[in-house]
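The values are calculated or read from the model by the stated rules, or taken from the named source; none is laboratory data. Since we're looking at a predicted model, the values are computed, not measured. Cβ: placed from backbone, ideal geometry, glycine included. Neighbour counts: every protein chain shown. Calculation scope for accessible area: heavy atoms of the full protein, side chains included, ligands and nucleic acids excluded. Shrake-Rupley method; radii C 1.70, N 1.55, O 1.52, S 1.80 Å.
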Amino acid sequence: MLPVVSIGSLKTSGTSTLALTLASVAAAAEIPVILIDAARDGDLSAWAKLAGSPKRICVERTRDEGEIERLVRGARRRGDFAVIDAGDMGSTIQAAARQADRALIPVRFSPLSARYAVETDNMLTEDAGYGRRGRDWCFVATAVTTIPSRIARNVETIIETSHARRLPIGLVQRAAYEAPFLYGGTIFTLPDEIAPGLDRARAEAASLAYEIGILGHHRREERPAVQDEALSVAA
Ligand SMILES: Nc1ncnc2c1ncn2[C@@H]1O[C@H](COP(=O)(O)OP(=O)(O)OP(=O)(O)O)[C@@H](O)[C@H]1O
Ligand SMILES: [Mg+2]
């Protein structure tokens, strides 16, 4: 079964970028996607209006808990991949995580982002008795800069104070991840010349999707496991 994924942190930390990137990997692997935009600002709904958004990604804008539940139930029934951009509001993050199998807490490598990520983990821990049985959550590093620094090491220390797992892969800071918000489409549908590093972004995004359990759980025999060349690179 495809996991329902919710994404949110009490501080702006690349939530919408991560949600769109995971939706894009699933769509590139021919998995229908329902992308629920429950964030305050509706960035993903705005993205959906741009040219070139793939037919396989259906964006629904709602911040209502009952409506999120209904959309997730429909996606589970059809075997679609559901991903929720829960944004940065505690009540929405909590409500979305209750509907999900796996909640992701994006962490930018800044001390403020890390502290709010830990606070988000604490909030989800307090709420653990509600929602789907067996649901879990973990930290995902976003907009990672590859230059090592003392600040980055301190951020690691802050994150390690939590019991929640940190995924071994995250998203490096790349213009490629921002390109879809400017031009429409996804990192898999945009042409290589539009942004540097699209190929690396595709491979990285696919690896992350495997780690989260989005790829490798195909519903139908006839569905090709991997469509895009970049996905096979990452596999
Ligand atoms: N991996 C990345 N590489 C490059 N830029 C990134 C990456 N992740 C996020 N960003 C940039 O950081 C900014 C915030 O990202 P995003 O909008 O995804 O975060 P958010 O948590 O949804 O924020 P908001 O609360 O404003 O909705 C954006 O300008 C986005 O393009
Ligand atoms: Mg957002």
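A few notes on this one:
- Taking every C-alpha pair closer than 8 Å and separated by at least 6 residues, the mean separation divided by the residue count of region 5-231 gives a relative contact order of 25 percent.
- Dividing the mean sequence gap of close Cα pairs (under 8 Å, 6+ apart) by how many residues region 1-89 holds gives a relative contact order of 49 percent.
- Around the amide H of residue 139, modelled in the peptide plane, lie the amide H atoms of 105, 165, 166, 167, all under 5 Å away and 5 or more residues distant in sequence or on another chain.
- Efficiency of FRET from Cβ geometry, residue 150 and residue 30, R₀ 35 Å, rounded to 0.05: 0.20
- For the set 137, 47, solvent exposure ranked by accessible area (probe 1.4 Å, protein chains only) runs largest to smallest as 137, 47.
- Paired Rg and Dmax values of the chain, which use every Cα atom, in angstrom: 16.5, 49
- Surface analysis of region 5-231 yields an accessible area of 46 Å² per residue, using protein heavy atoms and a 1.4 Å probe.
- Rounded to the nearest 20 debye, dipole of region 5-231 from Cβ charges on Lys, Arg, Asp, Glu: 340 debye
- The slack in the chain from residue 199 to residue 89, taken as 0.36 nm per residue of separation less the alpha-carbon distance, amounts to 36.3 nm.
- In this simple spin-label model, placing a label point 7 Å from the Cα along the Cα-to-Cβ direction at both residue 41 and residue 211 gives a separation of 2.5 nm.
- Cα-projected label distance for residue 110 with residue 130, points at 7 Å along beta-carbon direction, nm: 3.0 nm
- Overall, the accessible surface of the chain at a probe of 1.4 angstrom is composed of carbon and sulfur to the extent of 49 percent.
- For region 101-197, the C-alpha radius of gyration divided by 2.2 N^0.38 Å, with N the number of residues, is 1.28.
- Estimated distance in nm for a label pair at residue 173 and residue 51, the labels positioned 7 Å out from Cα along Cα-to-Cβ: 3.1 nm
- Semi-axes of the equivalent ellipsoid for region 111-154, computed as √(5λ) from the eigenvalues of its C-alpha gyration tensor and ordered from largest down, come to 28, 12, 6 Å.
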